[in-house]
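Asks: Below are the structure tokens for one structure; questions will follow.
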Amino acid sequence: MHINNILKQLNVLYLEDDETVRKNITTSIAYITKNVYSVSSAEEALDIYYEKKPDIIVTDIDMKGMNGLDFV
């Protein structure tokens, strides 16, 4: 199977607290994947994780509250 076909089947959870970066990266990821669930905090990400069961998680590390490493 071609890599583009594989990517188009994936659901991605993207966690980034910087709004500008989050919007830009979310737009880019959306071009190559099935769905992008984009959130600004680890707490929001946990809710999405349990509800949507994403295939891939991409997270910022340095965030207020629960950081990306604690989230993972």
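The values are calculated or read from the model by the stated rules, or taken from the named source; none is laboratory data. Fair warning: this is a prediction, and the values are worked out from it, not measured in the lab. Don't worry about glycine lacking a Cβ; one is built from the backbone with ideal geometry, like all the others, and counts go over all protein chains shown. Surface areas here come from the heavy atoms of the whole protein model, side chains and all, with no ligands, DNA or RNA. Shrake-Rupley method; radii C 1.70, N 1.55, O 1.52, S 1.80 Å.
Asks: Write down the radius of gyration of the chain and its Dmax, each obtained from C-alpha positions, in Å.
Replies: Rg then Dmax for the chain, in Å: 12.2, 40.
Asks: When we measure straight from the Cα of Lys34, which lysines land under 21 angstrom away, once same-chain ones fewer than 8 places off are left out?
Replies: Straight-distance partners of Lys34: Lys8, Lys23, Lys52, Lys53.
Asks: Accessible area per residue, 1.4 Å probe, Å², for the chain: what's the number? Please list the in-between numbers first.
Replies: Numbers: 4870 Å² over 72 residues.
Heavy-atom SASA per residue in the chain reads 68 Å².
Asks: If I take R0 = 22 Å and measure r between the Cβ atoms of Val21 and Tyr50 in this structure, what FRET efficiency does the formula 1/(1 + (r/R0)^6) give, to the nearest 0.05?
Replies: Numbers: r = 25 Å, r/R0 = 1.12.
Given R0 = 22 Å and the Cβ-Cβ separation, E is 0.35.
Asks: In whole percent, how big is the carbon plus sulfur part of the accessible area of the chain, probe 1.4 Å, protein atoms only? Can you show the working numbers first?
Replies: Values: 2550 of 4870 Å².
Answer for the chain: carbon and sulfur cover 52 percent of the accessible area.
Asks: What aspartates and glutamates does Lys64 reach when the alpha-carbon gap must be under 19 Å and sequence neighbours fewer than 8 apart in one chain are set aside?
Replies: Candidates past the 8-residue exclusion: Glu16, Asp17, Asp18, Glu19, Glu43, Glu44, Asp47.
Asks: Could you give the length gained by full extension between Leu7 and Glu43, i.e. 0.36 nm per residue of separation minus their alpha carbon distance, to one decimal place?
Replies: On the way: separation 36, 0.36 × 36 = 12.96 nm, distance 2.61 nm.
Taking Leu7 through Glu43 to full extension adds about 10.3 nm, to one decimal.
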